[in-house]
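We did not get these values from a lab; they are worked out from the coordinates using the rules stated. Note that the structure is a prediction, hence the values are computed from the model and not measured. Here the Cβ positions follow ideal geometry from the backbone for every residue, glycine too, while neighbour counts run over all protein chains shown.
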Amino acid sequence: MAKHPAPGQVKTRLVPALGPDRACALYAAFVQDLAARLQALPYEVTWAYWPPESPFPALLPGARCRPQRGADLGERMTGAIADAFSEGPTPVMVIGADAPHLPADSIAEAATVLGGEADLVLGPAADGGYYLVGLCRPQPELFSDIPWSTAGVLAATGERAARLGLRQHLLAPCFDVDGPEDLALLDAMLARGEVQLPHTARLLATSGRAFPT
């Protein structure tokens, strides 16, 4: 799930520190780096982008891209998941472009447990949401009437899953890059060599480090 990079429309919490153009460029770097990392993994990847009329596919030539549809994030995720399941019964995992550093081991763990010991996999994010959701069959009720963009997303989703009788599996926590403090964490990861994100690293190297460290 990704947005088309447009100044003032992506990474808005980073705009005060970086400005709208650099924040936009950073998000585009996230998309490019994440695409390269996913391409190296043994999974079929589809980019579901928003807004639907945007030229997002031009950012990733050759990648499979589909426009999102729906009035809110829940409807758009439901639609993207339904599209994926329409092509076959294999498990589906949804991630966002806000975590280009997502560990490949977490994706592999989710793929392993789905359809076996778990019906639902969630990757807890530091902000109270989740960085990954995986399902072995469509569950539209899981994404309806959730308090999106709040610290209660993960808890509400877990409670809904319990009511639906889904076997849940939690991955190790991670973080989305939303604010300056998250960007500082990512920058530190890059400095330690924990993840390779060349587009992001190159941009941060010329950013003047306009964020807390």
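Look at region 86-137 and say how many of its residues are without any contact (Cβ under 8 Å) to a residue 40 or more places away in the chain, closer than 24 Å to residue 4 by Cα and of a type in the set (D, E, K, R).
Total meeting the criteria: 0.
Please find, within region 63-103, the residue that is surrounded by the most Cβ atoms within 10 Å (Cβ to Cβ) out of those that are out of contact with any Cys (no Cβ under 9 Å at 6 or more places or on another chain) and farther than 19 Å from residue 143 by Cβ.
100
Among the listed residues 138, 124, identify the single one that is surrounded by 13 or more Cβ atoms within 10 Å (Cβ to Cβ) and in a loop (DSSP other than H, G, I, E, B). Before you say what the answer is, go through the steps one by one.
Values: 124 fails: in a loop (DSSP other than H, G, I, E, B).
The conditions single out 138.
Do you know which residues across region 62-106 are among the β-branched types (Val, Ile, Thr) and either touching a Phe, Trp or Tyr at 6+ places or on another chain (Cβ under 7 Å) or within 22 Å of residue 150 (Cβ to Cβ) (or both)? Explain how you work it out, then say what you get.
Pass one, region 62-106, residues among the β-branched types (Val, Ile, Thr): 78, 81, 90, 92, 94-95.
Hits for region 62-106 are 78, 81, 92, 94, 95.
It is to be established whether one or more residues within region 190-208 are in contact (Cβ under 8 Å) with a residue 12 or more places away in the chain, farther than 22 Å from residue 11 by Cβ and not in a helix (DSSP H, G or I).
No.
What are the residue pairs meeting all of these: first residue in region 169-187, first residue under 12 Å from residue 130 (Cβ atoms), second residue hydrophobic (A, V, I, L, M, F, W, C) and in a loop (DSSP other than H, G, I, E, B), Cβ atoms under 8 Å, and 6 or more apart or on different chains?
Partner pairs satisfying both residue conditions: 173/126; 174/99; 174/102; 174/126; 175/99; 175/126; 176/99; 176/126.
What helices (runs of 4 or more DSSP H) completely inside region 10-115 contain at least 3 residues that are over 24 Å from residue 172 (Cβ atoms) and touching a Ser or Thr at 6+ places or on another chain (Cβ under 9 Å)?
Details: elements: 15-18, 20-39, 73-85, 104-113.
Answer list for region 10-115: 20-39, 73-85.
On the given criteria, is residue 156 assigned to a helix (DSSP H, G or I) and without any contact (Cβ under 8 Å) to a residue 40 or more places away in the chain?
Values: assigned to a helix (DSSP H, G or I): yes; without any contact (Cβ under 8 Å) to a residue 40 or more places away in the chain: yes.
Yes; evaluated as a whole, the condition is true for this residue.
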